[in-house]
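First the structure, in the form of structure tokens, and then the observations on it.
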Amino acid sequence: MQNQKYVDVVVVGAGFAGLYMLHKLRESNLNAVVYEAGTDVGGVWYWNLYPGAKCDIDSIYYCYTFSEELYKKWNWTSKYPKQEEILNYLNFVADELDLRKDIQFNTQVLGATFDEEHNIWNVQLKKGEIVKAKYFISAVGCLSATNIPKIEGFDQFEGEAYHTGKWPREGVDLTNKRVGVIGTGSSGVQTIPEVARVASQLTVFQRTAQYVLPANNYDYTQGFIEESKEKFEETRKLLHYSPSGSAIVPRNKSALEDTAEEREAVFEEAWKIGGFQMTTTYYDLMVNEQANEYVSEFIRKKIKNIVKDPETAEALTPNYMYGVKRLTLGTDYYETYNRPNVRLVNLRKTPIEKITAKGIKTTTKEIELDVLIFATGYDGMTGPLLRMDIKGRNGMSLNEKWENGGKVRTFLGLATKDFPNFFMITGPESPSVLVVMPIAIEQHVDWIVDCINYMEKQNIDAIEPSKDAEEAWSKHNREIAEMTLYTKGDSWYTGANIEGKPRSFLIYLGGFDNYRKKCDAVAASGYEEFQLYSSIREI
């Protein structure tokens, strides 16, 4: 007989989302438990221990803003914090709020099934335990399901093999080793320069070239830190009510309005400043193809000026539109290819045939390796949710409803019909990854907890979106996306990095400010676009 227990709320994941959710549920005097597969808090920042791992959002914005006290107690050291610093920050928050006592670590949630008769979720843990809860909340994020492409011979490799998202906690010594890195997305861009400094030979296997902007990271001064803390209220308001959840606001000017010389000067200044300053240069970079071509060509020229070998430079130069793939920040990324111990394999010209015992065999030769690093990213957006076996009404799984990601339907990215009392933090069809995540998380958590409190006060047993509301929101999400250039590229945004995954764009692009207004309006209406049930009867 399986062990069973009952709580009000089960939360999956102890990263930014899970920690804040637990804190808010406690404030509402709800009995909640968080299940976390890792040995401690941190979420993606617990697992991503690869060399060079860091955030590419300003640290003074990439943090909680629900508590002025917490904000002022913590001192960030640099603009773009390293993984270790972010993990230390989340541990600090867990300690300050005494959260660990309600988190069960080393515990994987396999699935959850909704019991329609009793309006209860039966949550199945890998340890064999069944936990019953009225509310089931996913805080697994958008990028936690690691992806290793299926390559023939993987099991034959006699060297060491790692994925950047599952890096060993004890670290990996790459000194004087022959290392191969597959993938040049964000984790690859951060890993490659670090590996190149210690490896005897680094071979980068690239399928698609990236637009890599210079990070130009720097340490904060004490004066800057103090000034940031003094501006807490101003900063919080700016982040929570801006279109992107950040302080980055594009100029109200089209790239087509400037002369070629003026544009060059604007782009050059943005490149010099670094970070995502390039996105602020003109408002129409992601909606106008000509404007996009101007910034694309500027960066292409930069790559060819930095990389000395013409063939390598050409392979590193993207031929698609700027921004349709997730933009990345790098430190000496392009410069790394000028090192004598670094070589690039263009998989568009010479694909991988198989992995051998000694290394990787392409269509032209075998490259011997001691260590193989998969910087191949994640099954994004839907992957973390669909890897749990979540079943709603009539035993229908989330995989079935969403047709394995081919027909995702949600309302506000927060809930989905036929899965009562199931909430998603930064779920598909919410602003999610195109907003500063801790800010999006705070808005989602606040809304979900307010909704639960409303249900408890009104003695409501279950809540789920109406079919009409869900269909309308998903249609709205798709229509806005089609007005931009984002849908015109292949990336993990669209699921193109996962073999066989249906193509879709599941990020709400209507602005975080407008999204917040919609969420607030739904709550103010008494959740009119939801179906509410009390003792099985619809209200």
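Which order do Trp167, Trp74 take when ranked by solvent-accessible area (1.4 Å probe, heavy atoms of all protein chains), largest first?
Greatest to least solvent exposure: Trp74, Trp167.
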- [ ] Return the lysines within reach of Lys354: Cα separation strictly under 23 angstrom, same-chain partners fewer than 8 residues apart disregarded; answer none if there are no such residues.
- [x] Lys150, Lys166, Lys177, Lys365, Lys501
Open item on the list: Tell me which of Thr107, Phe92, Tyr20 sits at the most positive position along the dipole axis of region 1-135, charges placed on C-beta atoms (Lys, Arg +1; Asp, Glu -1).
Closed with: Thr107
Open item on the list: So if I place +1 on the C-beta of Lys and Arg and -1 on the C-beta of Asp and Glu, and nothing else carries charge, what would the dipole magnitude of the chain be about its Cα centre? I want it in debye, nearest 20.
Closed with: 1120
Task: Solvent accessible area, Å² - Val33, 1.4 Å probe, full protein context - done: 10
Task: Inter-label distance for Ser78 and Gln290, nm, one decimal - labels placed 7 Å from Cα along Cα-to-Cβ - done: 4.1
Open item on the list: Order Asp418, Asp468 by their accessible area, 1.4 angstrom probe, all chains in place, largest first.
Closed with: Asp468, Asp418
Task: Leading residue at positive end of dipole, the chain (Cβ point charges), from Val7, Val408, Val449 - done: Val408
Open item on the list: Please report the net charge: other residues with Cβ closer than 10 Å to the Cβ of Val324, K and R +1, D and E -1.
Closed with: +2
- [ ] Can you send over the solvent-accessible area of Lys401, 1.4 Å probe, protein chains only, in Å² to the nearest 10?
- [x] 30
TODO: Using only Cα atoms, find the angle between the long axis of helix 83-96 and the longest principal axis of the chain, and express it within 0 to 90 degrees, rounded to the nearest 10.
DONE: 20
- [ ] Give the value in nm², to one decimal: projected area of the alpha carbon convex hull of the chain, averaged over all directions.
- [x] 25.4
TODO: Just name one of Thr281, Asn252, Val131: the one whose Cα is farthest towards the positive end of the charge dipole of the chain (beta-carbon charges, Lys/Arg +1, Asp/Glu -1).
DONE: Val131
TODO: Would you mind computing, in nm to one decimal, how far apart the modelled labels at Asp98 and Glu152 are, each placed 7 Å from Cα along Cα→Cβ?
DONE: 6.1
Task: Test item: Cα-centred dipole of region 225-372, Lys/Arg +1 and Asp/Glu -1 on Cβ, debye - done: 720
Task: the chain, helix-only ellipticity at 222 nm - DSSP H runs n ≥ 4, -39,500 (n - 2.57), divided by all residues, nearest 500 - done: -9000 deg cm²/dmol
Task: Hull volume in cubic angstrom per residue (convex hull over the Cα atoms of region 1-49) - done: 76
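Top to bottom by accessible area (1.4 Å), largest first, where do His23, His118 land?
Order by accessible area, largest first: His118, His23.
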Open item on the list: Would you calculate the convex hull of the Cα atoms in region 1-147 and tell me its volume per residue in Å³?
Closed with: 124
Task: Whole-number D in µm²/s for region 147-209 (Stokes-Einstein; Kirkwood sum over Cα pairs; 10 °C, 1.306 mPa s) - done: 125
Open item on the list: Taking a ≥ b ≥ c as the square roots of the Cα gyration tensor eigenvalues, with a/c under 1.5 meaning rounded and otherwise prolate when a/b beats b/c, else oblate, which class fits region 299-383?
Closed with: oblate
Task: At 1.306 mPa s and 10 °C, Stokes diffusion of region 27-111 via Kirkwood alpha-carbon radius, µm² per second - done: 112
TODO: Report the normalised scattering of region 364-460 as log10 I(q)/I(0) at q = 0.14, 0.22 Å⁻¹, calculated by the Debye formula with identical scatterers on the alpha carbons.
DONE: -0.64, -1.20
- [ ] Determine Rg/Rh for region 76-119; Rg is computed over alpha-carbon atoms and Rh is the Kirkwood hydrodynamic estimate from the same atoms.
- [x] 1.24
Task: Principal axes of region 195-280: Cα extent on each, largest first, Å - done: 50, 40, 23
- [ ] Mind checking which lysines have their Cα closer than 29 Å to the Cα of Lys72? Skip sequence neighbours fewer than 8 apart in that chain.
- [x] Lys24, Lys54, Lys82, Lys101, Lys229, Lys231, Lys237, Lys517
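The values are calculated or read from the model by the stated rules, or taken from the named source; none is laboratory data. A quick note: this is a predicted structure, and the numbers were derived from the prediction, not measured. Quick reminder, even Gly has a Cβ in these numbers, built from the backbone with ideal geometry, and neighbours come from all protein chains shown. Surface areas here come from the heavy atoms of the whole protein model, side chains and all, with no ligands, DNA or RNA. Shrake-Rupley method; radii C 1.70, N 1.55, O 1.52, S 1.80 Å.
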